[in-house]
Amino acid sequence: MPHCGCCSSNPTGSMRLHANAARLRTGLQRLGLLADSDERTTPIAAFTIGDSPAMQRLASGLLVDGFRVPLIRYPGGPAEAYFRLSVNAEHSPQQIDGLLSAFESRLLEENLPSHPEHAAQDTLI
């Protein structure tokens, strides 16, 4: 995929983007929302957990916590709904860690299984 050239003119931004993508993906793997074998470094992660109503409650709870986490629906997709997260170079490590911490708390509150065998990882990004 060709790139726009913006990262080549700002190598620090490119390094931050890659670091943020790795931080997000590592955290999601730690929570069991992405498979440990997923070695992609893209700044976008899509996954499912539980059923659609549970994911809606999770998204609503995360919004209360200050995180707008897109819960999207793909007509005809293999799952009814997906979380689709993305990071950019401007996100701070504290923001990413805060999101991961909020996810962890909400997963426990909802009693949702956080194991990769229950999540459909990155099937549609």
| request: Would you kindly derive the ³J(HN,Hα) couplings of region 80-91 from the backbone phi angles with the Karplus curve 6.51 cos²θ - 1.76 cosθ + 1.60 (θ = phi - 60°), listing them in order in whole Hz, with x for Gly and Pro? | output: 5, 8, 9, 7, 10, 9, 9, 10, 10, 5, 7, 5
| remark: Under the 7 Å Cα-to-Cβ spin-label approximation, Thr41 and Ser92 lie apart by a distance in nanometres of 2.5
| request: Starting from the Cα-Cα distance between Ser105 and Ile72, subtract it from 0.36 nm times their residue separation and give me the gain in nm to one decimal. | output: 9.7 nm
| remark: Sequence order, region 53-66: Karplus ³J(HN,Hα) from phi using 6.51 cos²θ - 1.76 cosθ + 1.60, θ = phi - 60°, Hz rounded, Gly and Pro as x, gives x, 5, 5, 5, 5, 4, 4, 5, x, 5, 5, 4, 6, x
| message | Given bins 10 angstrom wide, list per bin the percent of all Cα-Cα distances in region 16-65, short to long. | response | 24, 44, 30, 2
| request: Sort Thr41, Thr48 so that the residue with the fewest other Cβ atoms within 10 Å of its own Cβ comes first and the one with the most comes last. | output: Thr41, Thr48
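Bear in mind these aren't lab numbers, they're just calculated from the coordinates by the rules spelled out. In this text the structure is predicted, and so the values were computed from the model without any measurement. When we count neighbours, we look across all protein chains shown, and the Cβ atoms used for this are built from the backbone with ideal geometry, even at glycine.
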